[in-house]
Amino acid sequence: IELTNGETIVADTVILAIGTQGNPNLVRCPGSALPHVTYQLDDPYAVLDEHIVVIGTGDAGIENARGLAEDPAQGNVVTVLNRAPRSTNARESFPTAKEPNALALVADHDAGKLIIRYETETKAIEPRWITLATRDGEEKIRCDRIIARIGSAPPRGFVESCGIEFSSTDRLAFPTLSPVFESTAPGIFVIGALAGYPLIKHCMNQGYD
(Lines give C-alpha, C1' and ligand atoms only; values in the text may rest on other atoms or scores of the structure.)
Protein backbone atom coordinates (compact mmCIF):
# COMPACT_ATOMS: atom_id res chain seq x y z
CA ILE A 1 0.00 0.00 0.00
CA GLU A 2 1.53 3.30 -1.10
CA LEU A 3 0.51 6.30 1.00
CA THR A 4 0.22 9.87 -0.25
CA ASN A 5 3.33 10.88 1.74
CA GLY A 6 5.37 8.33 -0.21
CA GLU A 7 5.54 5.75 2.58
CA THR A 8 4.86 2.14 1.63
CA ILE A 9 3.21 -0.43 3.90
CA VAL A 10 3.56 -4.15 3.24
CA ALA A 11 0.65 -6.34 4.37
CA ASP A 12 -0.30 -9.99 4.06
CA THR A 13 -3.98 -9.11 4.33
CA VAL A 14 -5.94 -5.95 3.48
CA ILE A 15 -9.52 -5.43 4.67
CA LEU A 16 -11.58 -2.80 2.86
CA ALA A 17 -14.26 -1.51 5.24
CA ILE A 18 -14.55 1.94 3.66
CA GLY A 19 -18.33 1.99 3.20
CA THR A 20 -20.11 3.73 0.35
CA GLN A 21 -21.08 7.13 1.81
CA GLY A 22 -18.31 8.86 -0.10
CA ASN A 23 -20.14 8.01 -3.33
CA PRO A 24 -23.76 9.11 -2.72
CA ASN A 25 -26.59 8.94 -5.21
CA LEU A 26 -27.12 12.52 -6.38
CA VAL A 27 -30.22 14.66 -6.71
CA ARG A 28 -30.91 15.06 -10.42
CA CYS A 29 -32.87 18.21 -11.22
CA PRO A 30 -32.11 21.83 -12.14
CA GLY A 31 -30.25 23.51 -9.28
CA SER A 32 -29.03 20.27 -7.69
CA ALA A 33 -25.42 21.52 -7.66
CA LEU A 34 -26.21 24.51 -5.43
CA PRO A 35 -24.21 24.62 -2.17
CA HIS A 36 -27.21 24.18 0.13
CA VAL A 37 -27.86 20.69 -1.34
CA THR A 38 -26.03 18.28 0.98
CA TYR A 39 -25.83 14.52 1.43
CA GLN A 40 -25.16 14.15 5.14
CA LEU A 41 -25.99 15.75 8.48
CA ASP A 42 -23.22 15.83 11.06
CA ASP A 43 -25.06 17.54 13.93
CA PRO A 44 -28.83 18.20 13.76
CA TYR A 45 -28.65 20.38 16.88
CA ALA A 46 -26.34 22.85 15.11
CA VAL A 47 -29.08 23.71 12.59
CA LEU A 48 -31.36 26.50 13.81
CA ASP A 49 -34.29 28.49 12.39
CA GLU A 50 -34.15 26.96 8.91
CA HIS A 51 -36.65 25.57 6.44
CA ILE A 52 -35.20 22.16 5.65
CA VAL A 53 -36.26 19.60 3.05
CA VAL A 54 -35.18 16.00 3.58
CA ILE A 55 -35.19 13.82 0.46
CA GLY A 56 -35.22 10.10 1.15
CA THR A 57 -37.35 8.03 3.49
CA GLY A 58 -34.95 5.27 4.44
CA ASP A 59 -33.60 5.02 7.97
CA ALA A 60 -30.93 7.70 7.41
CA GLY A 61 -33.39 10.25 6.04
CA ILE A 62 -35.93 9.57 8.77
CA GLU A 63 -33.35 9.84 11.55
CA ASN A 64 -32.02 13.12 10.11
CA ALA A 65 -35.50 14.61 9.82
CA ARG A 66 -36.52 13.60 13.33
CA GLY A 67 -33.28 14.95 14.79
CA LEU A 68 -33.81 18.32 13.12
CA ALA A 69 -37.39 18.52 14.39
CA GLU A 70 -36.94 16.99 17.83
CA ASP A 71 -36.57 20.24 19.78
CA PRO A 72 -39.13 22.96 18.90
CA ALA A 73 -36.73 25.54 20.35
CA GLN A 74 -34.49 24.99 17.32
CA GLY A 75 -37.10 26.73 15.22
CA ASN A 76 -36.70 24.44 12.21
CA VAL A 77 -39.46 23.73 9.70
CA VAL A 78 -38.73 20.22 8.42
CA THR A 79 -40.39 18.75 5.33
CA VAL A 80 -39.84 15.14 4.28
CA LEU A 81 -40.43 14.19 0.65
CA ASN A 82 -41.84 10.74 0.04
CA ARG A 83 -42.57 9.46 -3.47
CA ALA A 84 -44.85 6.75 -2.09
CA PRO A 85 -48.54 7.39 -1.32
CA ARG A 86 -49.80 7.59 2.23
CA SER A 87 -50.97 4.25 3.61
CA THR A 88 -52.15 2.91 6.94
CA ASN A 89 -49.37 0.34 6.52
CA ALA A 90 -46.01 1.96 7.32
CA ARG A 91 -44.15 -0.68 5.31
CA GLU A 92 -46.01 0.39 2.17
CA SER A 93 -45.38 4.12 2.68
CA PHE A 94 -41.76 3.67 3.77
CA PRO A 95 -40.58 0.42 2.15
CA THR A 96 -36.83 1.01 2.74
CA ALA A 97 -37.07 1.97 6.42
CA LYS A 98 -37.37 -0.09 9.58
CA GLU A 99 -40.96 -0.12 10.77
CA PRO A 100 -40.25 1.53 14.18
CA ASN A 101 -38.51 4.42 12.40
CA ALA A 102 -41.39 4.83 9.96
CA LEU A 103 -43.98 4.77 12.74
CA ALA A 104 -42.00 7.33 14.75
CA LEU A 105 -41.81 9.65 11.72
CA VAL A 106 -45.56 9.42 11.14
CA ALA A 107 -46.14 10.12 14.84
CA ASP A 108 -43.97 13.24 14.59
CA HIS A 109 -46.00 14.36 11.56
CA ASP A 110 -49.28 13.78 13.40
CA ALA A 111 -47.92 15.74 16.39
CA GLY A 112 -47.03 18.69 14.16
CA LYS A 113 -43.28 18.39 14.65
CA LEU A 114 -42.57 17.97 10.93
CA ILE A 115 -44.32 17.62 7.58
CA ILE A 116 -44.42 14.52 5.39
CA ARG A 117 -45.25 15.24 1.76
CA TYR A 118 -46.49 12.04 0.11
CA GLU A 119 -46.41 11.41 -3.66
CA THR A 120 -43.95 14.28 -3.98
CA GLU A 121 -40.63 14.67 -5.79
CA THR A 122 -38.14 17.45 -6.44
CA LYS A 123 -38.76 19.40 -9.63
CA ALA A 124 -36.22 22.25 -9.36
CA ILE A 125 -34.00 23.94 -6.78
CA GLU A 126 -32.99 27.57 -6.43
CA PRO A 127 -31.55 29.63 -3.57
CA ARG A 128 -34.01 29.63 -0.64
CA TRP A 129 -36.72 27.82 -2.65
CA ILE A 130 -37.60 24.39 -3.96
CA THR A 131 -40.23 23.49 -6.55
CA LEU A 132 -42.03 20.23 -5.89
CA ALA A 133 -43.82 17.91 -8.31
CA THR A 134 -46.91 16.69 -6.47
CA ARG A 135 -49.97 14.67 -7.35
CA ASP A 136 -51.88 17.95 -7.70
CA GLY A 137 -49.24 19.78 -9.76
CA GLU A 138 -46.18 21.90 -9.03
CA GLU A 139 -45.72 23.75 -5.75
CA LYS A 140 -42.95 26.10 -4.63
CA ILE A 141 -41.98 26.24 -0.95
CA ARG A 142 -39.32 27.95 1.15
CA CYS A 143 -36.11 25.93 1.52
CA ASP A 144 -32.86 27.00 3.19
CA ARG A 145 -31.23 23.57 3.19
CA ILE A 146 -31.73 20.24 1.42
CA ILE A 147 -30.48 16.98 2.90
CA ALA A 148 -30.62 14.14 0.39
CA ARG A 149 -30.32 10.66 1.88
CA ILE A 150 -31.11 8.65 -1.25
CA GLY A 151 -28.55 5.92 -0.95
CA SER A 152 -25.03 5.46 -2.23
CA ALA A 153 -23.01 3.14 -4.43
CA PRO A 154 -19.64 1.41 -4.05
CA PRO A 155 -16.66 3.53 -5.22
CA ARG A 156 -16.24 1.19 -8.15
CA GLY A 157 -13.30 2.87 -9.85
CA PHE A 158 -11.10 2.63 -6.75
CA VAL A 159 -12.18 -0.91 -5.88
CA GLU A 160 -11.58 -2.19 -9.41
CA SER A 161 -8.17 -0.49 -9.46
CA CYS A 162 -7.26 -2.86 -6.59
CA GLY A 163 -7.93 -5.81 -8.91
CA ILE A 164 -11.33 -6.63 -7.43
CA GLU A 165 -14.12 -7.84 -9.71
CA PHE A 166 -17.80 -6.97 -9.29
CA SER A 167 -20.76 -9.32 -9.58
CA SER A 168 -22.21 -7.36 -12.54
CA THR A 169 -21.88 -4.11 -14.48
CA ASP A 170 -24.76 -2.52 -12.54
CA ARG A 171 -23.70 0.66 -10.69
CA LEU A 172 -25.11 -0.69 -7.44
CA ALA A 173 -23.51 -4.14 -7.75
CA PHE A 174 -21.21 -5.37 -5.00
CA PRO A 175 -17.77 -7.00 -5.26
CA THR A 176 -17.60 -10.74 -5.86
CA LEU A 177 -16.59 -12.34 -2.54
CA SER A 178 -15.83 -15.77 -1.11
CA PRO A 179 -17.73 -17.17 1.92
CA VAL A 180 -15.11 -15.50 4.17
CA PHE A 181 -15.37 -12.18 2.28
CA GLU A 182 -12.13 -12.49 0.30
CA SER A 183 -12.32 -10.65 -3.01
CA THR A 184 -11.08 -11.86 -6.39
CA ALA A 185 -7.78 -10.12 -5.54
CA PRO A 186 -6.05 -12.62 -3.22
CA GLY A 187 -5.44 -11.21 0.26
CA ILE A 188 -7.93 -8.35 -0.08
CA PHE A 189 -11.14 -8.76 1.90
CA VAL A 190 -14.27 -6.59 1.74
CA ILE A 191 -16.70 -6.16 4.63
CA GLY A 192 -19.49 -3.83 5.74
CA ALA A 193 -21.54 -1.61 3.45
CA LEU A 194 -19.05 -2.11 0.61
CA ALA A 195 -19.94 -5.81 0.73
CA GLY A 196 -23.69 -5.12 0.88
CA TYR A 197 -24.07 -5.34 4.67
CA PRO A 198 -24.42 -1.78 6.05
CA LEU A 199 -25.27 -2.60 9.67
CA ILE A 200 -22.40 -2.28 12.16
CA LYS A 201 -23.24 -5.62 13.82
CA HIS A 202 -22.92 -7.36 10.44
CA CYS A 203 -19.58 -5.66 9.77
CA MET A 204 -18.23 -6.78 13.15
CA ASN A 205 -19.29 -10.37 12.50
CA GLN A 206 -17.68 -10.24 9.06
CA GLY A 207 -14.47 -8.93 10.57
CA TYR A 208 -14.45 -11.88 12.93
CA ASP A 209 -15.05 -14.35 10.10
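The values are calculated or read from the model by the stated rules, or taken from the named source; none is laboratory data. Not measured: the values here are computed from a predicted model. All Cβ positions, even for glycine, are placed from backbone atoms using ideal geometry, and neighbour counts span all protein chains on display. SASA here: full protein model, heavy atoms, side chains in, ligands and nucleic acids out. Shrake-Rupley method; radii C 1.70, N 1.55, O 1.52, S 1.80 Å.
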Check: By how many nm would the segment from residue 49 to residue 126 lengthen if fully extended, with 0.36 nm per residue of separation less the alpha-carbon distance?
Finding: 25.8 nm
Next item on the list: Could you tell me which of 48, 37, 94 has its Cα farthest along the dipole of segment 35-98 towards the positive end, charges placed at Cβ (Lys, Arg +1; Asp, Glu -1), taken about the Cα centre?
Entry: 94
Item checked: Cα centroid of segment 152-192 to Cα centroid of segment 133-151, whole Å -> 34 Å
Check: Hey, in the GNM for the chain with a 10 angstrom Cα cutoff, which one of 67, 137, 151 fluctuates hardest?
Finding: 137
Note to self: Treating only the Cβ of Lys, Arg, Asp and Glu as charged (+1, +1, -1, -1), what charge dipole size does segment 1-60 show about its Cα centre? Round to the nearest 20 debye.
What the structure shows: 320 debye
Checklist line | Cα gyration tensor shape for segment 29-137, rounded if a/c is under 1.5, else prolate or oblate | finding: oblate
Margin query: To test your reading of the geometry: what angle, between 0 and 90 degrees and rounded to tens, separates the Cα axis of helix 59-69 from the longest principal axis of the chain?
Written below: 40 degrees
Check: Ignoring ligands, DNA and RNA, how do 183, 161 rank by accessible area with a 1.4 Å probe, largest first?
Finding: 161, 183
Checklist line | For segment 133-192, alpha-carbon Rg relative to the globular expectation (2.2 N^0.38 Å, N residues) | finding: 1.81
Next item on the list: Identify the residues of segment 184-203 with backbone N under 14 Å of a label point that sits 7 angstrom from the Cα of residue 165 along the Cα-to-Cβ direction, or state none.
Entry: 184-186
Next item on the list: Round to a whole angstrom and tell me the spacing of the C-alpha centers of segment 42-68 and segment 79-111.
Entry: 15 Å
Margin query: Taking the Cα centre as origin and putting +1 on Lys and Arg beta-carbons and -1 on Asp and Glu beta-carbons, what dipole magnitude results for the chain, to the nearest 20 debye?
Written below: 640 debye
Next item on the list: Provide the FRET efficiency to the nearest 0.05 for the residue 83-residue 17 pair, computing r from the beta carbons and using R0 = 30 Å.
Entry: 0.45
Note to self: If the elastic network links every pair of Cα atoms under 10 Å, which of 113, 140, 123 fluctuates the most in the Gaussian network model of the chain?
What the structure shows: 140
Item checked: Net charge contributed by nearby residues that have their C-beta within less than 14 Å of residue 100 (K/R +1, D/E -1) -> -1
Next item on the list: Name the residue farthest towards the positive end of the dipole of segment 1-140 from the options 13, 133, 1, assuming +1 on Cβ of Lys and Arg, -1 on Cβ of Asp and Glu, about the Cα centre.
Entry: 133
Notebook entry, point to check: Peptides 186-199, 25-38: what's the order by average Cβ count within 10 Å, highest mean first?
Noted result: 186-199, 25-38
Item checked: Accessible-area composition of the chain, carbon plus sulfur, in percent [1.4 Å probe] -> 53 percent
